[in-house]
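Notes to accompany the following structure.
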Amino acid sequence: MAALALAQGGFYPTPVIVAGAVSLAGVAAAIFVNRAAARAQGGSLRRWALSGAFIAIALLNAASAVAHGWPSEATGVVLCWVALAAFALFCGSVPLPEKATALEGLCWFVAVTAVFGLLAVAGLLPAGGTMAAGRLCLLFEYSNATGIWFGLGVLLMSAADNSRIRALAPLGLVALFATQSVGAVAVTGLALTVAAVVFMRMGRFAEAESLALSWIAALVSFALQLVFPAAGLVGALATTVGLWVWGEKLQDGHQVGDRAKQRRKGAASKERKATEKQQDAKARRDAQERQGVSTQEGARRPRALVCIVVAAIVTVGAAAAVLLLEPARWVEAQGTFAERFVMMQDGLALLAASPLLGVGPEQWAQLYPGIQTVEYTAAVNHCSYLQLALDGGVFVPILYVGAMGAAVVNCARRGHWPWALAVATLLVHSVFDFDLHFFALQFLAVLLVSEASECEALRSGQSRQSVRL
């Protein structure tokens, strides 16, 4: 995953794609045999669904390529889908605890990339491809894709059980704001609002409070960054350290109750030697500890609500300030949004000539100058689903949306709603941007929603409810 992101998403040289696809195909063959044996013993067909859909998309793209003389870009596109199918098959064979561990590692990787990005914003990392027109574009050399990358990372961080990972969210948020991607900030903000509501309903007040504080601190840090470029990184790191310390204290509060339970479990052997007076004293201490923990939990709810309300007020104030102080950025965003509607209309007109097979993989760039109704430059259509249809025909986006939508619903039903919410955020943002052209983001989505193997987790005594990111 990290290598894919560092390799600039979907813009790979064909030799790299060939090597990657062949390697993954070899792994997939071994998994296929193993999965077939498991299926014979009563396995689930759902774990085949994503891989099957991606193979079908690869075949449709190949058919379109054949119909249009096999353009030079077609090999890379077809093999990307083959690699994605193999990766989906692999993810379905990974036990759930290992998948959760991998996602924790991914959160740390997002945080590290955020630090490097904020160093670039501050002018302390003069590396090419990190900034474009004052906007952070680290990893993908495209600010909007970079923005959704950090947005997905923040969603995963915010829902983590580990307080140290939750404390990383300010880094990702400041980096997200530094991309100045209005769409990525908007969809991420909506998704985080949904997450905060779910946290409150589930009684996970610590997560809701941490999320609200992270958002407030990130907005303040980004505002200071506009004046002092290094303030974003300094503010994000300071907030991360603060949340880290606060999370450790909060964890200590939980451990008070845990120690009380452990004492009660181990008391059986000691009770035979203890006097009645000692037993009564111990019971009083345990009751006081439980009461203290319960009081602490009860106090968190109003505190979390206050933090969320303050976050909403700060967000409205920040939006108004940007609208007043940076009107040019809003005008640019509105113009870009309108241009994309025109681009979608042009793409539909081009698709109408060959709806079943499309115009050939990656052929939009060669054909759109002949049909564009206004002047714009776009190597890829900014509607990801329309681009899929142009590459391989109308059945490609239907297959993709159907398979990924079903996987998101299934993921949420299994109790992994943060993962499902992150992928849903990516799919919504892809309506107005070409996120799906970056296969690093697609690999991340597949990793999140693929139905992990839970056999090993159950054998090791870990239930599905106990494995949560």
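I'd like the full set of residues that are open to solvent by less than 40 Å² (accessible area, probe 1.4 Å), of a type outside the set (A, V, I, L, M, F, W, C) and assigned to a loop (DSSP other than H, G, I, E, B), limited to segment 167-195.
Listed by number, the residues that qualify are Thr179, Ser181.
If the Cβ limit is 7 Å and pairs must be 6+ apart or interchain, which residue in segment 395-422 that is in contact (Cβ under 8 Å) with a residue 40 or more places away in the chain pairs with which residue that is of a type outside the set (A, V, I, L, M, F, W, C) and open to solvent by 20 Å² or more (accessible area, probe 1.4 Å)?
Asn410/Arg46; Asn410/Glu451; Arg414/Arg464; Gly415/Arg464; Gly415/Gln465
Return only the number of the condition from (1) in a helix (DSSP H, G or I); (2) open to solvent by 10 Å² or more (accessible area, probe 1.4 Å); (3) over 24 Å from Ile216 (Cβ atoms) that Ala88 does not satisfy.
(2)
Of the conditions (1) open to solvent by 10 Å² or more (accessible area, probe 1.4 Å); (2) under 19 Å from Phe443 (Cβ atoms); (3) outside any loop (DSSP other than H, G, I, E, B), Arg164 clears all except one; give me its number.
(2)
Do we have Leu156 as under 19 Å from Asp433 (Cα atoms), open to solvent by less than 10 Å² (accessible area, probe 1.4 Å) and of a type in the set (A, V, I, L, M) here?
Values: under 19 Å from Asp433 (Cα atoms): no; open to solvent by less than 10 Å² (accessible area, probe 1.4 Å): yes; of a type in the set (A, V, I, L, M): yes.
In short, no.
Between a residue in segment 351-372 that is more than 11 Å from His68 (Cβ to Cβ) and any residue that is open to solvent by 30 Å² or more (accessible area, probe 1.4 Å) and part of a loop (DSSP other than H, G, I, E, B), which pairs come within a Cβ distance under 7 Å, given they are 6 or more apart or on different chains?
Correct list of pairs: Pro355/Val394; Leu356/Val394; Ala365/Ala379.
Checking the structure you have, find out if any residue of segment 338-345 is among the small types (Gly, Ala, Ser), more than 21 Å from Ser72 (Cβ to Cβ), out of contact with any Gly (no Cβ under 8 Å at 6 or more places or on another chain) and modelled with pLDDT under 95.
Kept after step one, since they are among the small types (Gly, Ala, Ser), are these residues of segment 338-345: 338.
From what's left, more than 21 Å from Ser72 (Cβ to Cβ): 338.
If we keep only those that are out of contact with any Gly (no Cβ under 8 Å at 6 or more places or on another chain) too, we end up with 338.
The next check asks that each one be modelled with pLDDT under 95; those that pass are 338.
Scanning segment 338-345 turns up at least one residue that is among the small types (Gly, Ala, Ser), more than 21 Å from Ser72 (Cβ to Cβ), out of contact with any Gly (no Cβ under 8 Å at 6 or more places or on another chain) and modelled with pLDDT under 95.
With respect to Val322, determine if the residue is of a type in the set (Val, Ile, Thr), at pLDDT below 95, over 20 Å from Ala63 (Cα atoms) and in a helix (DSSP H, G or I). Can you show your working first?
Details: of a type in the set (Val, Ile, Thr): yes; at pLDDT below 95: yes; over 20 Å from Ala63 (Cα atoms): yes; in a helix (DSSP H, G or I): yes.
Taking the combined requirement at face value, the residue satisfies it.
What is the number of the single condition among (1) open to solvent by 10 Å² or more (accessible area, probe 1.4 Å); (2) closer than 24 Å to Val449 by Cβ that Gly203 does not meet?
Tallying (1) open to solvent by 10 Å² or more (accessible area, probe 1.4 Å); (2) closer than 24 Å to Val449 by Cβ, Gly203 fails exactly one: (2).
Search segment 124-141 for residues being under 21 Å from the mean Cα position of the chain (by Cα) and assigned to a loop (DSSP other than H, G, I, E, B), and hand back the single one that is surrounded by the fewest Cβ atoms within 10 Å (Cβ to Cβ).
Start the filter on segment 124-141 by keeping residues that are under 21 Å from the mean Cα position of the chain (by Cα), which leaves 130, 135-141.
With the extra rule that they be assigned to a loop (DSSP other than H, G, I, E, B), the set shrinks to 130, 137-141.
On the way: Thr130: 18, Cys137: 23, Leu138: 27, Leu139: 25, Phe140: 24, Glu141: 15.
Step by step, filter segment 124-141, then rank; the result is Glu141.
Every residue in segment 314-324 that is surrounded by 11 or more Cβ atoms within 10 Å (Cβ to Cβ), without any contact (Cβ under 8 Å) to a residue 24 or more places away in the chain and either within 21 Å of Val198 (Cβ to Cβ) or aliphatic (A, V, I, L, M) (or both), please. Let's see the steps before the verdict.
First, pick out the residues of segment 314-324 that are surrounded by 11 or more Cβ atoms within 10 Å (Cβ to Cβ): 314-315, 317-319, 321-323.
If we keep only those that are without any contact (Cβ under 8 Å) to a residue 24 or more places away in the chain too, we end up with 317, 319, 322-323.
Of everything in segment 314-324, those that are surrounded by 11 or more Cβ atoms within 10 Å (Cβ to Cβ), without any contact (Cβ under 8 Å) to a residue 24 or more places away in the chain and either within 21 Å of Val198 (Cβ to Cβ) or aliphatic (A, V, I, L, M) (or both) turn out to be Ala319, Val322, Leu323.
Against the condition more than 23 Å from Val245 (Cβ to Cβ), free of Cβ contacts under 8 Å to residues at least 60 places away in the same chain and part of a helix (DSSP H, G or I), how does Val198 come out, does it pass? Even if it seems obvious, please write down each step before you answer.
Values: more than 23 Å from Val245 (Cβ to Cβ): yes; free of Cβ contacts under 8 Å to residues at least 60 places away in the same chain: no; part of a helix (DSSP H, G or I): yes.
When the stated conditions are applied, Val198 does not pass them.
Within segment 201-218, how many residues are farther than 15 Å from Leu168 by Cα and part of a helix (DSSP H, G or I)? Lay out the reasoning, then the answer.
Of the residues in segment 201-218, the ones farther than 15 Å from Leu168 by Cα are 201-205.
If we keep only those that are part of a helix (DSSP H, G or I) too, we end up with 201-202, 205.
Qualifying residue count, segment 201-218: 3.
Residue under question is Pro97, and the condition is that it be of a type outside the set (Lys, Arg), in a helix (DSSP H, G or I) and modelled with pLDDT under 90; does it hold?
Details: of a type outside the set (Lys, Arg): yes; in a helix (DSSP H, G or I): yes; modelled with pLDDT under 90: yes.
Yes: the conditions hold for Pro97.
Which residue out of Trp48, Trp81, Trp70 is part of a helix (DSSP H, G or I), open to solvent by 40 Å² or more (accessible area, probe 1.4 Å) and at pLDDT 65 or above?
On the way: Trp81 fails: open to solvent by 40 Å² or more (accessible area, probe 1.4 Å); Trp70 fails: part of a helix (DSSP H, G or I).
After applying the criteria, what remains is Trp48.
Of Ala422, Ala452, which residue is touching a Leu at 6+ places or on another chain (Cβ under 9 Å), at pLDDT 95 or above and small (Gly, Ala, Ser)?
Working: Ala452 fails: at pLDDT 95 or above.
Exactly one residue qualifies, and that residue is Ala422.
Where residues in segment 358-400 are out of contact with any helix residue (DSSP H, G or I) (no Cβ under 7 Å at 6 or more places or on another chain) and among the hydrophobic types (A, V, I, L, M, F, W, C), which of them is most open to solvent (accessible area, probe 1.4 Å)?
Taking the candidates together, the pick is Ile398.
The values are calculated or read from the model by the stated rules, or taken from the named source; none is laboratory data. All of these numbers come straight from a predicted model, not from anything done at the bench. Every residue, glycine as well, gets a Cβ built from its backbone with ideal geometry; the counts of neighbours run over all protein chains shown. Protein only, heavy atoms only, side chains kept; ligands, DNA and RNA dropped before computing areas. Shrake-Rupley method; radii C 1.70, N 1.55, O 1.52, S 1.80 Å.
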